[in-house]
């Protein structure tokens, strides 16, 4: 099977583009023209997660949505780090190579620390922020720490790499309404990781929930650099990992943020409430772009 033969192009009708980032080729989509939006996914997802937002926002915007190495249609090199800071370096390279200016970052899950790393390093090049259920601080002492330490061990690695646990089981468990994850949609997350060797990236990120604690804390300490950026918080309130308590922490970190609580959604607002997400993002971008203009 070819790299993308398993993808239903009716659901994901975008031209595939690639950037060589050294260890492998990074897949991304580049749709539309106008103010730049960069959409950053987490685990075990890929740019497919943003497909409805890409289609809905590409009229009037240039939308860039990469797949991290090890995910989606990007290469999955066996001897690479796959830590959040490694992915952050690739994202920075993509933004530099494409010469993207005055961008709005849309981030979710691990895409939060990965994408916001760019924001705190280059705050002048980030116009605004859209955050879906994510974090930017150490998770030590939380429920995530226990999960991460278990997954870092031999049993956890077996479950991730041999059984494809993350997209098969954990992804669905994080939905507020599991009926929103249809078999056809679910397939696009499962088949992105066809072999044990190609499931290494999600396992590393599970381990790095606490393994990269210092990286997360370094971002939190510099969060003042983006504290007054216009921000939209689109939050699935039934998220078992980053629900209401994470939202409240973001409210304290981002002083120019507006929050939209999506009561029925879990961790994946983009899949569970895309209509709400599109409506709120369009209104937010109109306000931000009007102010900038």
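Things to note:
- A simple spin-label model places the labels of residue 237 and residue 33 4.2 nm from each other, with each point 7 Å out along Cα-to-Cβ.
- Spin-label model, residue 251/residue 79: points 7 Å from Cα along the beta carbon direction are separated by 5.0 nm.
- Inter-label distance, nm, simple model (7 Å from Cα along the C-beta direction), residue 143/residue 190: 2.5
- Quotient of C-alpha Rg and 2.2 N^0.38 Å, computed over the range 241-293: 1.27
- Antiparallel DSSP beta bridges within the chain, as percent of all bridges there, nearest 5: 25
- Average Cα contact separation per residue, the range 43-130, under 8 Å, 6 or more apart, as relative contact order %: 24
- Likely footprinting exposure, 132, 150, 268, fewest C-beta neighbours within 10 Å first: 150, 268, 132
- Computed from the Cβ-Cβ distance with R0 of 25 Å, the FRET efficiency linking residue 124 to residue 264 stands at 0.10.
- Protection proxy ranking, peptides 43-52, 171-180, average beta carbon neighbours within 10 Å, highest first: 43-52, 171-180
- The distance separating the Cα centre of the range 1-55 from that of the range 148-166 comes to 26 Å.
- Over the chain, DSSP H runs of length four or greater, each weighted -39,500 (n - 2.57), average out per residue to a 222 nm ellipticity of -11000 deg cm²/dmol.
- The stretch between residue 163 and residue 150 holds 3.1 nm of extra length on full extension. This uses 0.36 nm per residue minus the Cα-Cα distance.
- Difference of contour (0.36 nm per residue) and Cα-Cα distance, residue 59 to residue 173: 37.7 nm
- Potential extension, residue 93-residue 3 segment - 0.36 nm per residue separation minus Cα distance: 30.1 nm
- Evaluated at q = 0.22, 0.25 Å⁻¹: base-10 log I(q)/I(0), Debye formula over Cα of the range 201-292: -1.20, -1.23
The numbers here are math on the coordinates, done by the rules we state, and not lab data. Bear in mind that the values here come from a model prediction, so they are computed numbers and not experimental data. A quick note on method: Cβ atoms are made from the backbone with ideal geometry, for glycine too, and the neighbour counts reach across all protein chains shown.
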